[in-house]
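Written below as structure tokens is the structure these notes are about.
The values are calculated or read from the model by the stated rules, or taken from the named source; none is laboratory data. Bear in mind the structure is a predicted one, so any value in this text is a computation, not a measurement. Virtual Cβ from ideal backbone geometry, glycine too; neighbours counted across all protein chains shown. We work out accessible area using only protein heavy atoms, side chains counted, and drop any ligands, DNA or RNA first. Shrake-Rupley method; radii C 1.70, N 1.55, O 1.52, S 1.80 Å.
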Amino acid sequence: MITSTPARTGAAAPDGVAVAAAGVAHDHDRAARPGMRVVTGDRPTGPLHLGHYLGTLANRVRLQELGCRVTIIVADYQVITDREAPGPVRERVRNLVAEYLAAGIDPARSVIFPHSAVPTLNQLMLPFLSLVSDAELHRNPTVKAESLASRRTLSALLLTYPVHQAADILGLQGDLVPVGRDQLPHLELARLIARRFGARYGRVFAEPQALLSATPAVLGTDGAKMSKTRGNAILLGDTEDATVAAITAARTDGQRHITYDPHTRPQVANLLAITAALAGTTPQAIADEIGDRGAAALKDRTIDVVNASLRDLRRRRRELLDDPAGLDAVLRRGAQHAAEVAGDSLDRVRAAMGMDYFS
Ligand code: TRP
């Protein structure tokens, strides 16, 4: 667990939020205030890895500890945006929930729910689709990239999924949406829809703010971005032996003296960054500590830190997976809560549009 910065539940955040582009904040502690609704989501396409953990999961736990109301959408329908079928969704979703909980998401304070279980959210699609043009959808760079990567013809679902996602975010009344850079165009669209809906029917939705993760993308053991499909990932659910094997086999470079230079030595820098993030220190400090002892010593250090940091998480994950009924109960309660919030949003949408015309 990352515990280098203590939680500040209840502390008043200063007014000026660090904002780089309109609606994008970088500093969690300054953007997040107790009571804010944080909406995030993951497509259940496989197990979580260290990149997820350092990039998003640890931040969600942190926002929860800061007193935000965190809602995590298990975006099951989104799996079919760029592939044919949802796959073994029950196993994947249970595993995902176990990994969220094991990492510190507390179902008593935060909400985890499967998208398909809350149909109310989809009703928002109809008015929202009327507020965007097909040209705007076709311009979305992330949709373009995902369409190319899928090697399939662009489906209407993939083209419109940023609108579905806007329905999720606005329907759940999200204030803050922690995302990676690739999701920023979608957040911009959600903000646009909130504004356009307000201009046409009267204000119902606040504009959600994107919260960009400060952690750079974690590289996999082959030096490319860590990804479950590339087979270069260190999985949260791996055994300690599998982690030893993966890190031992990680690519480095020929220079014995260890320095932190992400541009010229990306693979060494990646091991340093992972180790430092988990140990609560800086990559430079780890590099200085290893010095002339070379990549093998660095890997030993990384292995120790990764396995020690994940030990409790892995044990809890196993225990949670042994109780599938308990995991399902978390989803059921989450879906109930999400349905209430979404129902409230839909009521307000229908009222604003005059669709509540009979009793
Ligand atoms: N599309 C997001 C991704 O692939 C997942 C997601 C679904 C999401 N619903 C969301 C992210 C709502 C933020 C808010 O990563």
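Some values worked out for this structure:
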| item | result |
| --- | --- |
| Within the accessible area of region 225-359 (1.4 Å probe), percent carbon and sulfur | 51 percent |
| Sequence-distant residues sharing a close amide H with GLN209 (under 5 Å, placed H) | LEU176, VAL177 |
| Protection proxy ranking, peptides 293-300, 138-145, average beta carbon neighbours within 10 Å, highest first | 293-300, 138-145 |
| Per-residue ³J(HN,Hα) for region 191-201, Karplus 6.51 cos²θ - 1.76 cosθ + 1.60, θ = phi - 60°, Hz, x for Gly and Pro | 5, 4, 5, 4, 5, 5, 4, x, 5, 7, 10 |
| Cα centroid separation, region 158-227 to region 292-310 (Å) | 36 Å |
| Sequence-separation-based contact order of the chain, relative, with Cα cut under 8 Å and 6+ spacing, percent | 21 percent |
| Relative packing of peptides 48-61, 331-344 - highest average C-beta neighbours within 10 Å first | 48-61, 331-344 |
| Sulfur and carbon atoms: percent of accessible area, region 105-175 [1.4 Å] | 58 percent |
| Integer Hz, Karplus 6.51/-1.76/1.60 couplings in order for region 261-273, x for Gly and Pro | 9, x, 7, 8, 10, x, 6, 5, 4, 5, 4, 5, 5 |
| Cα-based shape type of region 119-186, given that a ≥ b ≥ c are square roots of the gyration tensor eigenvalues and the cut on a/c is 1.5 | oblate |
| Under 5 Å, built H, 5+ apart or other chain: amide partners of ARG69 | GLY35, MET36, ARG37, VAL38 |
| Per-residue [θ]222 nm for the chain (sum of -39500 (n - 2.57) over DSSP H runs n ≥ 4, rounded to 500) | -15500 deg cm²/dmol |
| Average accessible area per residue (Å²) across the chain - probe 1.4 Å, nucleic acids and ligands excluded | 46 Å² |
